[in-house]
Amino acid sequence: MSRTLIRNGLVITASDEIGTDVLIEDEKVVALGTSDGWTADTVIDATGKYVIPGGVDAHTHMELPFGGTFASDTFETGTRAAAWGGTTTIVDFAVQSVGGTLREGLDAWHAKAEGNCAIDYAFHMIMGDVTEGSLKEMETLIGEGITSFKLFMAYPGVFYSDDGKILRALQKGAETGGLIMMHAENGIAIDVLVEQALARGNTDPKYHGVVRHALLEAEATNRAIKLAQVAGSPLYIVHLSAIEALAEVTRARDEGLNVFAETCPQYLYLSTDDLARPGFEGAKYVCSTPLRPEEHQAALWKGLRTDDLSVVSTDHCPFCFKGQKELGLGDFSKIPNGLPGVETRMDLLHQAVLDGHIGRRRWIEIACATPARMFGLYPRKGTIAPGSDADVVIYDPAATQVLSAETHHMNVDYSPYEGRTITGKAQTVLSRGRVIIDNGEYLGSAGHGRFLRRETCQTLR
Ligand code: URP
Ligand code: ZN
Ligand code: ZN
């Protein structure tokens with residue numbers, strides 16, 4: 001048995017901030033308290049540092065096939081980058097293709113991830129083809145720890161499901177405990193606007209934001225909520241970006257419905273000004289839902305304070321500028337959708353603590369505890385308590401860093417935050433008791449990360 005003692009830090013969880021010591025035995029936290037009399041093989045001095053749970057990023061897309069190419073991070077490079085940024089669990093999206101089964105998609109994702117991950121990982125399932133067969137398979141997958149299913153109201157001809165399919169999946173979710181996650185944008189209407197924009201010669205990246213109108217996010221969000229209400233099922237809205245969509249979620253929650261939503265750092269820190277950068281630079285900022293005008297950011301921060309937004313995940317889906325984003329030169333609709341972010345989420349949210357948007361415990365709640373609860377991983381992940389996995393970050397709240405593609409570890413040739421100075425940095429990162437990052441050195445290995453079977457959602461009211 002190996003014992004690690006973390007001394008003199010400020011332990012921050014979603015509920016508490018306590019100056020206390022943490023004792024780890026092998027892969028688990030076994031005690032918090034005053035360490036007098038405790039012996040350990042390794043002692044980590046955390047004086048002046050925060051001791052926080054490893055981040056839980058509930059929305060990543062390693063190697064996602066999209067727009068004729070693949071997201072540029074593999075499970076190996078993406079989970080290593082996550083570790084550098086203090087994230088110790090990801091929940092990635094396995095993909096069911098049209099004509100394929102959930103099983104085929106899941107097996108393919110297990111094959112991509114197994115033996116390659118630096119940190120623990122779990123899967124949601126993208127249902128690209130809702131059929132009698134795939135609805136039946138949902139139950140089997142839940143038994144294997146895949147307890148959430150993403151559907152798309154966007155991307156006709158690719159991942160899109162019509163309202164009938166969505167209703168059936170929501171009904172199955174209500175019956176089985178599976179949580180339906182919704183990409184809420186009216187893809188049919190968006191495609192009309194895309195066609196019209198291109199016909200007018202509006203081909204630049206900024207038109208991606210124009211055609212994906214905020215009202216089309218709000219309309220789809222409202223429709224998804226109503227369909228969930230009819231089905232009697234909870235609902236989780238992914239990557240919410242528009243004030244108008246947030247208003248729909250807020251109203252549903254005020255009515256007492258089990259409707260939850262996440263947003264992502266890009267919607268809190270970037271805007272349509274970035275999409276409109278000169279030349280083709282705006283392509284670096286193409287994702288869906290799209291970035292919104294800056295005034296949406298204040299509403300999102302407010303939503304995070306009121307809990308109408310309960311989770312911040314990354315929607316990490318990187319495509320290199322050279323050769324990948326460039327597929328959309330001359331036609332914004334061909335730019336692969338997605339931004340890198342798995343490495344920078346914890347730090348950008350710490351910056352929000354310093355800027356006064358959220359408090360320290362709320363930082364841990366939205367980035368660690370609630371995503372773990374929402375997706376059936378709590379208290380194994382998302383907190384520091386006896387019995388929890390020893391996924392622990394010694395976080396230096398005073399360290400400064402400049403975000404840049406030159407120094408980040410994600411496999412992508414640009415940073416959406418190039419040149420931005422951030423205060424706060426993960427100094428030491430433990431994954432199940434093993435130090436995998438220490439003072440600027442990577443000590444982890446591909447294959448250390450294990451697949452996590454998840455329980456069903458633990459957040460229902
Ligand atoms: O732009 C995005 N979000 N790309 C990834 C796919 C998705 O819709 O989440
Ligand atoms: Zn999506
Ligand atoms: Zn996504």
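Say the cut-off is 19 Å between C-alpha atoms; which of LYS150/LYS302; LYS150/LYS172; LYS112/LYS284; LYS28/LYS425; LYS206/LYS302 go over it? Correct reply: LYS150/LYS302; LYS112/LYS284; LYS28/LYS425; LYS206/LYS302. For HIS213, HIS59, HIS316, the sequence from fewest to most other C-beta atoms within 10 Å is HIS213, HIS59, HIS316. Residue exposure proxy: ASP120, ASP191, ASP73, ASP274, ordered by other Cβ atoms within 10 angstrom of their Cβ from fewest to most, comes out as ASP191, ASP274, ASP120, ASP73.
Rounded to the nearest 0.05, the FRET efficiency derived from the C-beta distance between ALA399 and LYS302 at R0 = 45 Å is 0.95.
Between the helical axis of 102-113 and the longest alpha-carbon principal axis of the chain there is an angle of about 50 degrees.
Measuring nothing but how far apart in sequence close Cα pairs (under 8 Å, 6+ apart) lie, relative to its length, segment 54-374 scores a relative contact order of 19 percent. Computed as a quarter of the hull surface, the mean projected area of the alpha carbon convex hull for the chain stands at 19.8 nm². Sorting VAL11, VAL435 by the number of Cβ atoms found within 10 Å of their own Cβ, with the fewest placed first, yields VAL435, VAL11.
Here's the list of aspartates and glutamates a cross-link from LYS322 could span, going by alpha-carbon distance under 14 Å and ignoring same-chain residues fewer than 8 apart: GLU281, ASP413. Restricting the GluC sites (Glu not before Pro) of segment 256-347 to loop positions (DSSP other than H, G, I, E, B) with no more than 13 neighbouring Cβ atoms within 10 Å leaves GLU294.
Computed from the coordinates by the stated procedures, all read-outs in this text should not be read as laboratory data. Please read these numbers as outputs of a predicted model, since none were measured by experiment. When we count neighbours, we look across all protein chains shown, and the Cβ atoms used for this are built from the backbone with ideal geometry, even at glycine.
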